[in-house]
Amino acid sequence: MARKRKGRDISGWLIVDKPAGMTSTAVVNKVRWALEAKKAGHAGTLDPEATGLLAVALGEATKTVPYITDALKAYAFTVRLGQATNTDDTEGEVIATSDLRPTDDEIKAALGAFVGEIQQVPPQFSAVKVDGERAYKRARDGEDMDLAARPLWVEELLLTDRPDADTAMLEMTCGKGGYVRSIARDLGAALGCHGHVLTLRRLWSGPFGLDDAVTIQEIDALARTPELDSRLLPLETGLTDLPELRCTPEGATRLRNGNPGMVLGGEVEYGDEAWASFEGRPLAVGRFKAGELHPSRVFNLD
């Protein structure tokens, strides 16, 4: 018999402003401890040296993580021009240098090639799998891998500041699976001067912004108190991009049991994905078909 997981049945989102030097997994573990939660996970890994928004899902909110992972995200980052590293950030070894420094106008002109649907090769030191093993493990062993390019939607990429000839500050809004380190590497290559990431900060992710975030220091100070509970955002915040449909009482009963349930009409088409609520509480996510929601995920909040 499996051991019953200890902790509270608490559901919702805690938005954390992750500090540099801490892994995303360590942040999740800190949040789980502070809230005494049975279950927690995050929506989108940040590199250990990156800072900014990390959305931590608790309890039943973990069922909505894919909708945040798939949402648009925004990053502010600084590129060091004139140097390439084997990790595409400051953690690695410098493997190439150049005395060439592009002008602001040359940088702005080059950015257009990185907007829209692009193909991006992940960094050698990344979590993508190669024959079942993480790429970074092979890279640490000195292997140079031919990683396949992956599609990435880039909504916007802007030069926001140029503190000096060696550094350029940019902001990017992109979809799922983007590597800012790859953008810095490929931008440096396009400009003929090399480049890598100096600093990286996630500004927002889907419906979540840094205005809602707590720091690690605040989590430590408020651990296991009602004040920290009050910083939780409701589960349905993670479903902002989906339409909401309201259940009939009979439909709510059926949905709770995992069956298609009747919902009231809304601005959805046959086959659209939506979420259903009853008396202000989320019940399920699923597909709308002929007046019913056919559930793919059911929330157990009672």
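The values are calculated or read from the model by the stated rules, or taken from the named source; none is laboratory data. Remember, it's a predicted structure, so these values are computed and weren't measured experimentally. Neighbour counts are summed over all protein chains in view; Cβ atoms, including those assigned to glycine, are modelled from backbone coordinates with ideal geometry. All accessible areas refer to the heavy atoms of the entire protein, side chains included, with ligands and DNA or RNA removed. Shrake-Rupley method; radii C 1.70, N 1.55, O 1.52, S 1.80 Å.
Structure data summary
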item: Selection within segment 267-287 - more than 24 Å from Ser11 (Cβ to Cβ) and open to solvent by less than 80 Å² (accessible area, probe 1.4 Å); result: Val268, Gly271, Asp272
item: In segment 151-160, residue least open to solvent (accessible area, probe 1.4 Å) [restricted to those that are within 15 Å of Ala109 (Cα to Cα) and free of Cβ contacts under 8 Å to residues at least 60 places away in the same chain]; result: Leu157
item: Count - residues of segment 17-48 that are at positive phi and of a type in the set (A, V, I, L, M, F, W, C); result: 0
item: Residue under evaluation Glu244, criteria (1) closer than 29 Å to Leu170 by Cβ; (2) open to solvent by 50 Å² or more (accessible area, probe 1.4 Å), criterion not met; result: (1)
item: Residue within segment 31-53 that is under 22 Å from Glu156 (Cβ atoms), touching a residue at least 24 places away in the same chain (Cβ under 8 Å), outside any loop (DSSP other than H, G, I, E, B) and not polar (S, T, N, Q) present; result: yes
item: Residue, most open to solvent (accessible area, probe 1.4 Å), within segment 68-110, restricted to residues that are among the basic types (Lys, Arg) and assigned to a strand (DSSP E or B); result: Arg80
item: Qualifying residue in segment 185-199 (condition: β-branched (Val, Ile, Thr), modelled with pLDDT of 95 or more and open to solvent by 30 Å² or more (accessible area, probe 1.4 Å)); result: yes
item: Residue match in segment 42-49 (condition: among the aliphatic types (A, V, I, L, M), open to solvent by 50 Å² or more (accessible area, probe 1.4 Å) and touching a Gly at 6+ places or on another chain (Cβ under 9 Å)); result: no
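Rundown of residues vs (1) in contact (Cβ under 8 Å) with a residue 40 or more places away in the chain; (2) of a type in the set (A, V, I, L, M, F, W, C), yes/no style:
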position	(1), (2)
Tyr179	yes, no
Leu198	yes, yes
Asp212	yes, no
Thr215	yes, no
Glu236	yes, no
Arg246	no, no
Arg254	no, no
Gly265	no, no
Leu283	no, yes
